[in-house]
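Let me begin by presenting the structure, written as structure tokens, before commenting on it.
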Amino acid sequence: MEVTEVRHQIPHNLGEGTKLHGMQPLACAGTQARHEAAQRNSQKVKKRSLQRAYRRALQQGLAWYRGSHYTVQELENMGCSLPTGPAAPPEREFIHHDLHRCNRQHAPKRRMTFWQWNCGGLSISKLDEVKAWLALNQVDIAVMVETRWTYDATWTDSEWNMVHSGEGAHRGKGILILVSRRICNSAQIQWQFHDSGRLVHLRLKQHPRNLDIVACYQHVFQPTQSCLQARERWWGLLERVLAGLPTRNCLVMLGDFNSSLQASPRISGTSTFLWNGRSHRGTSHADHPRLLQILRHFALVALNTWSSALGPTYVHGHTASRLDYICVRQMYADGTARRVRYLWDSPFISQTTHGHVPMLCTLAKFWIPDHAHHRIQQVTMQQRQSSRQAYLTQSPAWMEFCDRSHDMLVEHFADTTKDADVFMNDLHSSMLQLFVTHFPAGKKESSTSTWKPALPILLNKWQHRRLMQ
């Protein structure tokens, strides 16, 4: 019998041209393989699709890549950079086809893209630039405020359905809403000018939920009685508009509110922002609690307040403020929606960080509720029926529940240090726990089949029947 030898040395070129499977063994800090792996990881990004996204971001200030939007700085942090070789050939005449095709391929398919900007005056040539940029970057709905146009109008071109409100002699206002024809036609759009040039409600007939867009432009704050009265009338009108919207619809409220916003749990993230390497609060307005009150009342979330690194939305000289917001209902404020982008590098604006910044975000088209989380905290139908019967009969269990509930309410309302949202959440949880204690969930009784008790008799009968055959 021959002896088979096993080679203990692996050729150094075994991995050349072969596919690696599984994970390689861990290497200690002193091995050569560890140094080679570290050197490979420190190299620049070589993935061509990511480099193409980086070039698109350099041209447009933003690039879509695999369903997410990235700025130039974010792509550079990922290792992207321009090649150091010879200069690239000049752009082709049909370069816009490549930009449109790549962004359309990488844009999210199950989300809608919203864009908002206080343009500070809009010319026809600037509008053409903005529409070209919006079309190239697959924006679905865009809102521009302070157009300074003095007429109301609606019109349509090959790409957009447009609604403008700005009637009146005052030129310091105006709202323009652009809706892409990819998502709906003009027959599916309804609108109402509640305050011409300052508050516009637009509704899109969508399936399965309609989309309500509330475009806002509050009066510029001035420390005068007439200005404060005008701003209060605008706040009251906004409340009435929001109160008349169905809660089943998707709601997006955006624009220039000319007001600061304080931090509040589940409503707004931070009250400060970073600017020039320091934390700032911006300009404080006398009526700033009104905006937070409206957001709390209608359970809206300001998406661009959850990261102080975003910076201000308005810069003028040596002052900066956060005045522009994009607000949605709490169920639509997921992590991706809160990833708002400030587009200071947009090619259609002056390349300076002065004025208002364009903002972009995405929202889910189809929201599926989490029934396990949103139902009434595991309260079963049997518990509801039991508590209702106890209420109708005024049973001792119901009277005890009422007494304990009264004591708990007095205890909670005595604590005035909690935030309003935290207070309501704690009160709801405590009352629910008390309810479950007094009316516990019973076990569901399953009916027994009629043949199961007689099964031994049936088996004995069948056995005798076989013996008699």
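The values are calculated or read from the model by the stated rules, or taken from the named source; none is laboratory data. Nothing here was measured: the structure is a model prediction, and the numbers come from that model. Quick reminder, even Gly has a Cβ in these numbers, built from the backbone with ideal geometry, and neighbours come from all protein chains shown. Keep in mind that these areas ignore ligands, DNA and RNA; they rest on the heavy atoms of the full protein, side chains included. Shrake-Rupley method; radii C 1.70, N 1.55, O 1.52, S 1.80 Å.
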| request: Could you tell me which of the residues Asp324, Asp287 is modelled with pLDDT of 95 or more, among the charged types (D, E, K, R) and either open to solvent by less than 50 Å² (accessible area, probe 1.4 Å) or on the phi > 0 side of the Ramachandran plot (or both)? | output: Asp324
| message | I want to confirm something. Restricting to the range 195-219 and keeping residues that are surrounded by fewer than 17 Cβ atoms within 10 Å (Cβ to Cβ) and touching a helix residue (DSSP H, G or I) at 6+ places or on another chain (Cβ under 8 Å), which single residue is nearest to Thr147 (Cα to Cα)? | response | Lys205
| Under the condition of being crowded, with 21+ Cβ neighbours inside 10 Å and of a type outside the set (A, V, I, L, M), which residue from the range 135-144 is nearest to Val357 (Cα to Cα)? | Asn137
| request: Those residues that are over 20 Å from Trp191 (Cα atoms), under 27 Å from the mean Cα position of the chain (by Cα) and outside any loop (DSSP other than H, G, I, E, B), I need them from the range 118-159; list them, please. | output: Asn118, Leu127, Glu129, Val130, Lys131, Ala132, Trp133, Leu134, Ala135, Leu136
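Condition check ((1) in a helix (DSSP H, G or I); (2) in contact with a Lys or Arg (Cβ under 9 Å, 6 or more places away or on another chain)) across all residues:
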position: Asp287; (1), (2): no, yes
position: Met331; (1), (2): yes, no
position: Asp345; (1), (2): no, no
position: Leu360; (1), (2): no, yes
position: Phe366; (1), (2): no, yes
position: Gln385; (1), (2): yes, no
position: Leu392; (1), (2): yes, no
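Only one of Thr154, Thr147 is open to solvent by 60 Å² or more (accessible area, probe 1.4 Å), more than 13 Å from Ser68 (Cα to Cα) and modelled with pLDDT of 90 or more; which?
The match here is Thr154.
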| task | Considering each of Ser260, Ser268 in turn, give the residue that is surrounded by fewer than 21 Cβ atoms within 10 Å (Cβ to Cβ), of a type in the set (S, T, N, Q) and touching a residue at least 12 places away in the same chain (Cβ under 8 Å). | result | Ser260
| request: Go through the range 356-387 and count every residue that is open to solvent by 20 Å² or more (accessible area, probe 1.4 Å), at pLDDT 85 or above and either of a type in the set (Val, Ile, Thr) or within 14 Å of the chain's Cα centre (by Cα) (or both). | output: 2
| message | Name the residue that is farthest from Leu127 (Cα to Cα), counting only residues in the range 303-351 that are of a type in the set (Gly, Ala, Ser) and touching a residue at least 60 places away in the same chain (Cβ under 8 Å). | response | Ser321
| message | Being open to solvent by 10 Å² or more (accessible area, probe 1.4 Å), charged (D, E, K, R) and not in a loop (DSSP other than H, G, I, E, B) is true for just one of Arg240, Arg182, Arg231. Which residue is that? | response | Arg240
| note | Flagged pairs (Cβ under 8 angstrom, 6 or more apart or on separate chains; first in the range 361-374, within 13 Å of Pro108 (Cα to Cα); second modelled with pLDDT under 75 and not β-branched (Val, Ile, Thr)) are Thr362/His69
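Any residue at all in the range 346-354 that's of a type outside the set (D, E, K, R), modelled with pLDDT under 90 and touching a helix residue (DSSP H, G or I) at 6+ places or on another chain (Cβ under 6 Å)?
Among the residues of the range 346-354, at least one is of a type outside the set (D, E, K, R), modelled with pLDDT under 90 and touching a helix residue (DSSP H, G or I) at 6+ places or on another chain (Cβ under 6 Å), which makes the answer yes.
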| Scan of the range 290-321 for residues that are open to solvent by less than 70 Å² (accessible area, probe 1.4 Å) and part of a loop (DSSP other than H, G, I, E, B), ordered by number | Phe298, Ala299, Ser307, Gly311, Pro312, Thr313, Gly317
| said: Looking only at the range 116-134, filter to residues that are among the hydrophobic types (A, V, I, L, M, F, W, C) and closer than 16 Å to Leu343 by Cα; which one of those is most open to solvent (accessible area, probe 1.4 Å)? | reply: Ala132
